[in-house]
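Data first, discussion second: the structure below is written as structure tokens.
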Amino acid sequence: MASHATTEHLAPGEIAKPNTGWIWRVFFILVGITAVEFVFVFLMHPSTLRNSIFIGLTILKAFFIVAEFMHLKHETKGLIWTILVPVTLLIWLLVALITEGSFMGEVLQNMFK
């Protein structure tokens with residue numbers, strides 16, 4: 001069961017106390033990651049390092065959102081790996097395609113000079 005679920009037994013018709021502590025914890029973690037993203041994006045000069053840091057923090061934030069709000073962290077390890085492996089391979093594919101695309105662009109640009 002989820003770590004934020006209540007285990008107390010209620011009488012029929014009784015409403016459980018709201019357990020919003022975990023929501024606020026997740027909120028402040030996401031605000032912190034977003035603040036760090038803003039610091040890197042607006043205070044660093046445009047470069048590959050800045051873009052890499054920004055993309056890495058964005059992926060971290062996305063994984064955290066999926067883990068908390070889609071309850072993936074409470075699932076079995078097999079299901080987690082079934083989701084993470086294809087996403088990781090997709091990210092690897094995107095990086096490879098962007099790298100190859102920029103290389104081919106440079107080759108074609110130099111060929112017609």
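The values are calculated or read from the model by the stated rules, or taken from the named source; none is laboratory data. Just so you know, these numbers come straight off a predicted model, no measurement behind them. Cβ: placed from backbone, ideal geometry, glycine included. Neighbour counts: every protein chain shown.
The table for this structure:
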| read-out | value |
| --- | --- |
| Region 1-25: number of residues that are of a type in the set (Val, Ile, Thr), under 22 Å from the mean Cα position of the chain (by Cα) and at pLDDT below 75 | 0 |
| Residue in region 40-51 that is in contact (Cβ under 8 Å) with a residue 12 or more places away in the chain and either within 20 Å of the chain's Cα centre (by Cα) or under 26 Å from Val95 (Cα atoms) (or both) present | yes |
| Single unsatisfied condition, Ile80 versus (1) in contact (Cβ under 8 Å) with a residue 24 or more places away in the chain; (2) of a type outside the set (Asp, Glu); (3) more than 21 Å from Val95 (Cβ to Cβ); (4) surrounded by 12 or more Cβ atoms within 10 Å (Cβ to Cβ) | (1) |
| Top-ranked residue of region 73-86 - restricted to ones that are among the charged types (D, E, K, R) and assigned to a helix (DSSP H, G or I), ranked as farthest from Val31 (Cα to Cα) | Lys77 |
| Test: residue in region 4-19 that is part of a helix (DSSP H, G or I) and not aromatic (Phe, Trp, Tyr) | no |
| Scan of region 59-72 for residues that are over 16 Å from Ile29 (Cα atoms) and either part of a helix (DSSP H, G or I) or in contact with a Ser or Thr (Cβ under 6 Å, 6 or more places away or on another chain) (or both), ordered by number | Leu72 |
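Here's the yes/no breakdown for (1) at pLDDT below 85; (2) assigned by TED's automatic domain parsing to the domain that holds Val39; (3) not in a helix (DSSP H, G or I):
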{"residue": "Ser52", "(1), (2), (3)": "yes, yes, no"}
{"residue": "Leu57", "(1), (2), (3)": "no, yes, no"}
{"residue": "Thr88", "(1), (2), (3)": "no, no, no"}
{"residue": "Leu93", "(1), (2), (3)": "no, no, no"}
{"residue": "Thr99", "(1), (2), (3)": "yes, no, no"}
{"residue": "Ser102", "(1), (2), (3)": "yes, no, no"}
{"residue": "Glu106", "(1), (2), (3)": "yes, no, no"}
{"residue": "Asn110", "(1), (2), (3)": "yes, no, no"}
